[in-house]
């Protein structure tokens, strides 16, 4: 375990794309929509990365480093489609990408009336990437009744949205802006119990009595890779492994995590920390995101010291090194603070529709009723039915 101490060395080598992609901002240009599989978005990675840097609510979970790795390794992401909003109608290298909204594919007989933003347990923030200058225009374009018939849905539901985040605040505090109505519905019973600061201080004092307690954070790509492997091994030696749910026990999951930490690490969107007790790592955390907020994507701790909650001690030390940066927990908590509000953001058109739009809605409803009727006739009778 002595090699772990080398993880502290070296400056960050986060990669930046030098493609020179910088299309001009044209506020009067029309918004055009395109729908394509998420896995097929690799060819627009420059436009995608440029959008991520100017998004209303930055979200590393929908950046290329995370989303493309997930689409290539995980079954749940394989069929996800992305609604792309472009500035202008002409295809070319200088088109400006204004929005990227991953949604569930609309397949099957019985479909919800609204488009549903893609959600998964691995996605801790469901905010789509929207240009901060044109976010309202992008949502309005997606919700346009004439385009909705092309997308086969009415309204848009975004999952796992932070009620206090920039997206929800911007849309909910401007009722009727751009003809869009936003309603936030928090999840009930969402949150987690975080140990008090006094309890964490007591745990830390007890651990320090055994050996020197230090925080190790790699800065090089090789150091990030080694630290991630230590956390994976730590998780695989605990209760999750006994239940068959450790990351190392799933080849797709571990392949994704390695690719994701590598991709986000190049963009300095991934921070990996280890809590060292002497020469041994007793807790580890993989954080995603930079700036004022970061998400705990994966945490593990040595079961030998589980009663002293070394992972909570690690998060407290990480907050001490960056006091202005909130650590958001998967269950909705904030390390050292009260839990945040997580829920669904329902978006719809608030303006009255012209007769042509009303006729289109009626026609679509009639078609869906015929499909449901045909499906009910094909359904086999229940056992015991007369």
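Being free of Cβ contacts under 8 Å to residues at least 12 places away in the same chain and either touching a helix residue (DSSP H, G or I) at 6+ places or on another chain (Cβ under 8 Å) or more than 24 Å from residue 140 (Cβ to Cβ) (or both) holds for only one residue in 63, 43, 57, and it is 43. Flag not set for residue 207, criterion: part of a strand (DSSP E or B) and either modelled with pLDDT of 95 or more or in the same structural domain as residue 285 (by TED's automatic domain parsing) (or both). Cβ-Cβ contacts under 6 Å between residues 6 or more apart (or on different chains), taken from a first residue in the range 307-326 that is outside the structural domain of residue 278 (by TED's automatic domain parsing) and free of Cβ contacts under 8 Å to residues at least 40 places away in the same chain to a second residue that is part of a helix (DSSP H, G or I) and buried (at least 21 other Cβ atoms within 10 Å of the Cβ), are absent.
Restricting 183, 174, 219, 159 to residues that are in a loop (DSSP other than H, G, I, E, B) and assigned by TED's automatic domain parsing to the domain that holds residue 121 narrows the list to 174.
The values are calculated or read from the model by the stated rules, or taken from the named source; none is laboratory data. All of these numbers come straight from a predicted model, not from anything done at the bench. Note that each Cβ is placed from the backbone with ideal geometry, even for glycine, and that neighbours are counted across all protein chains shown.
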